[in-house]
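Taking it in order: structure first as structure tokens, then the write-up.
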Amino acid sequence: MFTLPPITLPGIDEYAEAHSAPDPAQLAGVTGNDMGMGHLVSGRLVSGLLRMFIHSIQPKLILDIGTFTGYSALSMAVALPDDSRVISCEIDPERAEVARKNIAEAGYADVISVRVGPALDTIAGIEEPLDLVFIDADKPNYHSYYSATLPKLAPRGLIACDNTLWRGEIIDADSTDSDVRALRQFNDAVAADPRCESVMLTVRDGVTLIRRA
């Protein structure tokens with residue numbers, strides 16, 4: 001039987017969190033723990049990484065694919081320059097309402113727009129260039145989201161895809177998990193795509209960064 005190796009050495013993630021900036025106060029209470037699904041939130045290290053990107057890119061428009069509690073959208077919104085905004089896509093109306101409540105309580109309802117429905121429909125209606133895209137949604141559609149957003153990237157735009165190592169199971173060639181198979185196909189397609197340059201980071205559950213070549 002295939003035994004999953006740790007993505008990092010035991011204790012390394014905890015050490016990294018302890019030596020990184022804490023989450024902004026606006027993110028308190030949006031972890032998903034109250035819904036019993038805290039594991040679906042991208043986490044402090046990814047949150048901090050996204051804010052570092054925003055500090056460097058100074059984006060005007062961010063697309064967040066997979067709203068859940070609003071954690072990732074808020075993680076990015078708190079670092080945005082003035083007159084910038086986030087469009088966040090959520091397929092589940094109940095989760096969208098929870099996210100809207102969290103976003104409003106944090107004071108960012110004018111910055112973050114939660115769109116309910118298929119993300120591909122939302123993407124198709126966006127005409128402005130995307131400065132930053134964060135993909136953390138249904139894994140079988142990762143390639144579709146990537147294909148739809150890559151042509152819309154601003155010249156210095158960046159796509160960040162979460163969970164691309166899937167707890168290390170991505171290297172299990174015998175895995176029958178549909179998410180693992182979808183992510184493996186996505187990872188292979190991005191690595192072979194001459195239109196882009198990518199780098200896969202072993203941060204938390206794997207984050208792949210993509211820009212147009």
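The values are calculated or read from the model by the stated rules, or taken from the named source; none is laboratory data. None of these values were measured; they are calculated from a predicted model. Here the Cβ positions follow ideal geometry from the backbone for every residue, glycine too, while neighbour counts run over all protein chains shown. What goes into the accessible areas is simple: the full protein's heavy atoms, side chains included, and nothing from ligands, DNA or RNA. Shrake-Rupley method; radii C 1.70, N 1.55, O 1.52, S 1.80 Å.
Okay, residues lined up against (1) of a type in the set (A, V, I, L, M); (2) within 19 Å of N163 (Cβ to Cβ); (3) in contact with a His (Cβ under 6 Å, 6 or more places away or on another chain):
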{"site": "F53", "(1), (2), (3)": "no, yes, no"}
{"site": "Q58", "(1), (2), (3)": "no, no, no"}
{"site": "I65", "(1), (2), (3)": "yes, yes, no"}
{"site": "F68", "(1), (2), (3)": "no, yes, no"}
{"site": "Y71", "(1), (2), (3)": "no, yes, no"}
{"site": "V78", "(1), (2), (3)": "yes, no, no"}
{"site": "D82", "(1), (2), (3)": "no, no, no"}
{"site": "E90", "(1), (2), (3)": "no, yes, no"}
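In segment 120-133, the residue that is surrounded by the fewest Cβ atoms within 10 Å (Cβ to Cβ) out of those that are touching a residue at least 60 places away in the same chain (Cβ under 8 Å) and not in a strand (DSSP E or B) is E128. L158 meets the conditions (1) assigned to a loop (DSSP other than H, G, I, E, B); (2) closer than 17 Å to I57 by Cα; (3) of a type in the set (A, V, I, L, M, F, W, C) in every case but one. The failed one is (1).
Residue under question is R211, and the condition is that it be under 24 Å from V86 (Cα atoms), open to solvent by 30 Å² or more (accessible area, probe 1.4 Å), out of contact with any helix residue (DSSP H, G or I) (no Cβ under 6 Å at 6 or more places or on another chain) and not in a helix (DSSP H, G or I); does it hold? Considered against the rule, which asks whether it is under 24 Å from V86 (Cα atoms), open to solvent by 30 Å² or more (accessible area, probe 1.4 Å), out of contact with any helix residue (DSSP H, G or I) (no Cβ under 6 Å at 6 or more places or on another chain) and not in a helix (DSSP H, G or I), R211 comes out as yes. Pairing residues of segment 84-109 that are over 22 Å from P59 (Cβ atoms) with residues that are at pLDDT 95 or above and part of a helix (DSSP H, G or I), at Cβ distances under 9 Å and at least 6 apart in sequence or on separate chains, gives I91/A119.
Residues that are farther than 15 Å from L80 by Cβ, within 18 Å of the chain's Cα centre (by Cα) and in a helix (DSSP H, G or I) do occur in segment 104-119.
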